[in-house]
1. Which residue, of 36, 75, is closer than 23 Å to residue 281 by Cα and surrounded by 13 or more Cβ atoms within 10 Å (Cβ to Cβ)?
2. Hey, among the residues in segment 49-83 that are touching a residue at least 24 places away in the same chain (Cβ under 8 Å) and part of a helix (DSSP H, G or I), which one's farthest from the ligand (Cβ to nearest atom)?
3. Would it be correct to say that residue 32 is away from the ligand (no atom under 16 Å from the Cβ) and either over 23 Å from residue 126 (Cβ atoms) or in a loop (DSSP other than H, G, I, E, B) (or both)?
4. Tell me, which residue of segment 273-284 that is touching a strand residue (DSSP E or B) at 6+ places or on another chain (Cβ under 7 Å) and surrounded by fewer than 16 Cβ atoms within 10 Å (Cβ to Cβ) is farthest from residue 196 (Cα to Cα)?
5. Please state which of the following conditions residue 44 fails to meet, knowing it meets all the rest: (1) out of contact with any Lys or Arg (no Cβ under 6 Å at 6 or more places or on another chain); (2) touching a residue at least 24 places away in the same chain (Cβ under 8 Å); (3) not basic (Lys, Arg).
6. With the structure loaded, tell me whether residue 245 is out of contact with any strand residue (DSSP E or B) (no Cβ under 8 Å at 6 or more places or on another chain) and either aliphatic (A, V, I, L, M) or over 29 Å from residue 189 (Cβ atoms) (or both) or whether it fails that test.
7. Just give me the residues in segment 140-188 being surrounded by 18 or more Cβ atoms within 10 Å (Cβ to Cβ), in a loop (DSSP other than H, G, I, E, B) and at pLDDT 95 or above, in sequence order.
Amino acid sequence: MTAIEVTDLTKRYRDTLALDHVSLSLAENTIYGLLGRNGAGKTTLMSILTAQNFATSGEVRVFGEDPYENAGVLGRICFVRESQRYPDDATPRHAFAIARLFFPNWDQPLADRLIAEFQLPMKKTIKKLSRGQLSAVGVIIGIASRADITFFDEPYLGLDATARQIFYDRLVEDYAEHPRTIVLSSHLIDEVANLIERVILIDGGSILLDEETDAVRDRAATIVGDAAAVDAFVADREVLHRDSLGRVTSVTVLGALTEADHAVLRDAGLDVTPVSLQQLVVRLTQQAASRRAAASPASEGALR
Ligand SMILES: Nc1ncnc2c1ncn2[C@@H]1O[C@H](COP(=O)(O)OP(=O)(O)OP(=O)(O)O)[C@@H](O)[C@H]1O
């Protein structure tokens, strides 16, 4: 079943085209990674899907309905973002009490367990919490709300490595018992790579990739070895990146390798190393940037 359907969505802020004719379909009961560089359009997309921002054109359907001023739909959505505002005198206790009222599937014992694990001070005002503690408030609400769709917009800001691991572990555990749609926007790509089932890569307001994570991993490989042999192997392939050190060259190529390719590589004495999701995302966005620069040399020149 489809949770979210986005058709031809465009968002323009004065002279910035933040989303450029985006079409997407998000399934129920799937964890998505929404990836992309700073300014790619991730927050804009999530804020429109949660009816906190208006589209310039295009259509959004959440569970088949327009989410704007639609309490039935909005009660099924949780949006965790750093810029969430709380009243000056609000404590985490107040924030969780409101979340409990708002989200019908709220799990208080789960929230209590997370509060203890994140060692969150409950009586301090939210204003006085550290950055990591503030992130913990959002993360706890995101997990314990058990909303049908939960958006986490870089939820880990300020969280230390232990706290981030608690977040990932509890999210996956709870998702296994209570499947739902989760959209996780993150720059720590390799940290979330094992968590996300599908990757949506957004770049310059356009969708660059929308694929199963396992399929994405197979999209590229790095060939390492003698420069001449590597060059011969990659001659007809799309090269994402090239590094050379003396006579050893390392070339990342796009496209899955076949059994025949592996046999050729073995015979040539070349090594193949997998490309991490983070490396692939970096290479694909760099490639998209150079294609854009090549397509509009005049405007790039003007920027320099
Ligand atoms: N309120 C606004 N007014 C004008 N421009 C905006 C506004 N909000 C976002 N933008 C611009 O829209 C583009 C997309 O921004 P957005 O916040 O969606 O990116 P992002 O992918 O979430 O980035 P980050 O990873 O840095 O959070 C950027 O160029 C940004 O400067």
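The values are calculated or read from the model by the stated rules, or taken from the named source; none is laboratory data. Note that this is a predicted model, so its numbers are computed, not measured. Reconstructed Cβ throughout: ideal geometry from the backbone, glycine too, with neighbour counts over all protein chains shown.
1. Result of the check over 36, 75: 36.
2. Per the criteria, the residue is 74.
3. Spelling it out, it is not the case that residue 32 is away from the ligand (no atom under 16 Å from the Cβ) and either over 23 Å from residue 126 (Cβ atoms) or in a loop (DSSP other than H, G, I, E, B) (or both).
4. For segment 273-284, the residue satisfying everything is 273.
5. Status for residue 44: all satisfied but (1).
6. Yes; evaluated as a whole, the condition is true for this residue.
7. Listed by number, the residues that qualify are 145, 146, 147, 148, 180.
Rundown of residues vs (1) within 12 Å of the ligand (Cβ to nearest atom); (2) assigned to a strand (DSSP E or B), yes/no style:
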{"site": "4", "(1), (2)": "no, yes"}
{"site": "11", "(1), (2)": "yes, yes"}
{"site": "19", "(1), (2)": "yes, yes"}
{"site": "24", "(1), (2)": "no, yes"}
{"site": "38", "(1), (2)": "yes, no"}
{"site": "44", "(1), (2)": "yes, no"}
{"site": "47", "(1), (2)": "yes, no"}
